[in-house]
Amino acid sequence: MNKKNMYIPVLIMVILVGLGTFFVTRMYMNKSNIDKSNLNSSSQRNSVLKNKDNSQNKDNESQNNIDVSKSLDSSTNTNNGTNNNASNDTASDITNAAANNNDVGGNEEKVSEVVGTNSSGNQESSKADALENESDEDDNLELNTNSNLNVSQVNISGEKSYIDILTTNTTMKVGEKITLEVDGSSDGVVYSSENDSVVVVDDKGMVTALRIGSAKVSASLLGKTDSIIINVIDSNTDGIGNSDSQASKNNSNEEKKQSVKNGWINENGKRYYYKNGNFVVGWKKIDGDKYYFNKNGVMLKDTYVDYHYLKPNGKKKDKVGQFSATLYGATAWPNQTLNVRNKASENGQIISSIPAGKKVKIISDVNSSTGYIKVRRGNIIGYVLANNLMINLPDVIPDMYYSISNANKSKFKAAGARISGITGENLYGFEKKYNAKIDKNAYYAPMLYPVAVQLQSAYRKAVKQGYNLKVYDTYRPYDVSMKVASNLRSLYNSNASVRNKIDYDADGNYWGQGWFIAQGVSGHNRGTDIDLALTDSNGRELSAQSPMHTLDTSSLVKYNNNVSNKLRSIMTSVGFETLKSEWWHFQEDSYRTSPYVSFKLK
C-alpha cells in the first residue's frame, strides 16, 4: 500500500471520532439545562410557598389549620393551650385546609369558629380583626397559590408541624429578661402570656418579668402550642435557701388573689359588680358612668332610684329640667288638643295629635328657644308646646308634702258646718297610689308647666328658710267646682249662721259666697292655682288662723297669723298672686286666659 492510500482510513477515523464527540457533548449540555431548569423551578416554587406560609403565620397563626380546628371534637379543649398533642393532623390536612375554597376566607361563621378555638387566647381579638380585614382578592390569591400543592411540596417549605419550648429556666426575678429557645421555625411563631401583668413576651420570644407571681407563657406555630410556667420572684432573692418556698407562697397568694371575683359578673340573668370578692351596693361610679345596686348587689335598670332614671343598660341618665327630680318620665296632661310635631319647632311636620286631658310621658327637657318638649303617648312620640301641658307635681317636686284632700276626704266646710255631698267625699275619683318614678305612694297633682317651674322656686326658698310646703289642691275639674258651688249655695240658703259667717267678717264688712268658691271657670280649672299650707322641715303642718278649705270670713288674708304671713311671703316673692278671702290660695295671673278642660284623673 502506498503512502497516499494509508492517509484515507486515518482521515475517516478522525472525522468519525469528531462527530461522536460532538453528539455526546450536545446531549450532555441539553440534559444539564433541563436539570438546571427543573432545579430553578423547584427552588422558585419552594421560595414562594415558604414566603406565603411565613406571611400567613405572622398574620394569623391558625389560618392554615382552619379545617383542622373545625374538625376537632369540642372535648379536645384546644382553647387553653395546655395540650400540646391536641391535634395530630398531618401536613396533608393543612394543605387541604388551605386549598378548600369553602373553608378559607369569606365566611364569617368559620372565622368566628377559628377565633373561638385559637390556642393563644390573648391573641383572639387581634386575630379576629385580621381575619375580618382580609379582602376577597387576597383569599382568591391564596387559593390559587396553594390549590395544586401536595404533601411533599408542603414539607419542602421547611415549616414544622410541631413546636417545643426548650427553655428550662422557669424562675425569673422581677426586671429580668430571657429569650425563649424553641424547636421549630423561628418565622411565624406567635408568643403569648396568660398574665401580662406578671410577665410579658414580645414577638421575638423575649420574656420580661414585671412583678411577683406566675404566668403561663406559650409559643404557637401552625396550630401547635407548647407552654411553660414562669415563676417571678423578688429581685432581692438570691434563688437559694428559702427563696423557693417564698416564691411558692407568693405564687399561692397570687393564685388566690386571681381567683377572687372582681369586676362585672353575670349570674342567673342578673348583673353584679365585685370588688375583692364582695359585691357592691348603692350608687357606684364605674368607668365614668353611675349605676345603682340594690342590697343584694343586683344592678337595677330601666327604673328610677333617688328620682333619677336608670337606662335599660343600668347607666344613670343625666337629670333634665329645672325641677328637684328629673323631668324625664314625668306624667302630664294637655289642657287642649295638641298637635304633635316631628321636631321641636312650629315648622315641624304634624305627625299626630293628642286630645285634651289624655295622659302623656315627658321624655326630654324643654327647648329653650322654641318652648317645645318631647312626649310619648302609646306609639305616638313627638314634640308639643310645654306651656300647654299640666305636669304632675309629685313627679318633679317629690319632696314637698301632698295631701290632695278632694281625692280622699274633702275638707270643704263653712262656719264649721259640713257641706252635703262634698265634705268627706272623694270628689276627684282617684286615690293615692304607688308612683314608680319617685318610689313612693302619691296623689296626682297637675299644674300648668310654667306655673310648676315657679312653684319649684317657692319650694327651694321655703326649704332654705327651714320650712316645707304641703299641697292640698291644684287642678280641679270644672264640674267639681260647679258641684261645690251649688251645694255650698244650698247650705248658705238653708243655714242662717253659715250665711252670716260667709257674708260678714268680724269687722262687719260684707263678702258673700262668691269670694270662697268660684261661680264660673277658675284658675283651678286651668291648673294655674294652688292651695297649700306651710310645714316645718319635718312635714308637720303649722297652724294658720283657720283650717284648710274653711269657706267663710275666718280665712280672710287680713286675719293672717305669723304662719299664714310666712307662707304668703314665700309665695309672693317668686311671683304668685293672692286671693284676699283665702290664706291658702295662690295663683299665677299671667296664665288666666289659658284653656281649661274637665277630665277625670286616673
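The values are calculated or read from the model by the stated rules, or taken from the named source; none is laboratory data. Treat the numbers as computed from the prediction; the structure is a model and nothing was measured. Cβ placement follows ideal geometry from the backbone for every residue including glycine, while neighbour counts extend to all protein chains displayed. Keep in mind that these areas ignore ligands, DNA and RNA; they rest on the heavy atoms of the full protein, side chains included. Shrake-Rupley method; radii C 1.70, N 1.55, O 1.52, S 1.80 Å.
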Exercise for review: Run the quick spin-label model on residue 519 and residue 286: label points 7 Å from Cα toward the beta carbon, then report their separation in nm to one decimal.
Suggested key: 6.6 nm
Revision key, fill the gap. For the stretch 318-449, the accessible surface attributable to carbon and sulfur atoms (probe 1.4 angstrom, ligands and nucleic acids excluded) amounts in percent to 40 percent
Practice item. Quote to one decimal, in nm, the extra length available between residue 497 and residue 589 on full extension: 0.36 nm per residue of separation minus the C-alpha distance between them. Key: 29.8 nm
Check your understanding: By how many nm would the segment from residue 164 to residue 369 lengthen if fully extended, with 0.36 nm per residue of separation less the alpha-carbon distance?
Key -> 66.7 nm
Practice item. Mind checking the full-extension length gain between residue 345 and residue 540? Use 0.36 nm per residue of separation minus the Cα-Cα distance, one decimal, nm. Key: 65.7 nm
Study note, to complete from the structure: The rounded separation in angstrom of the Cα centers of the stretch 546-599 and the stretch 260-312 is 46 Å
Review point. Considering the stretch 279-371, what Rg and Dmax in Å follow from its alpha-carbon atoms?
Key: 17.0, 51
Review point. What is the spin-label model distance, in nm, from residue 401 to residue 483 if the labels are put 7 Å beyond Cα along the C-beta direction?
Key: 2.8 nm
**Study point:** Proximal lysine pairs, the stretch 319-379, alpha carbons under 18 Å, eight or more residues apart or interchain
**Key:** 7
Point to revise | Residue-count net charge about residue 416 - beta-carbon cut-off 15 Å; Lys, Arg +1, Asp, Glu -1 | key: +4
Check your understanding: Across the Cα atoms of the stretch 534-602, what radius of gyration and what greatest pairwise Cα-Cα distance (Dmax) are found, in Å?
Key -> 14.1, 38
Review point. Is the shape of the stretch 453-601 rounded, prolate or oblate, going by the alpha carbon gyration tensor and its root eigenvalues a ≥ b ≥ c, with a/c under 1.5 for rounded and a/b larger than b/c for prolate?
Key: oblate
Practice item. With a probe of 1.4 Å, find how much accessible area the stretch 443-602 has per residue, and write the answer as a whole number in Å². Key: 40 Å²
Review point. So how exposed is residue 399, as accessible area in Å² (1.4 Å probe, rounded to 10)?
Key: 60 Å²
Practice item. Just reorder 511, 264, 333 by solvent-accessible area, largest first, 1.4 Å probe, all chains present. Key: 264, 511, 333
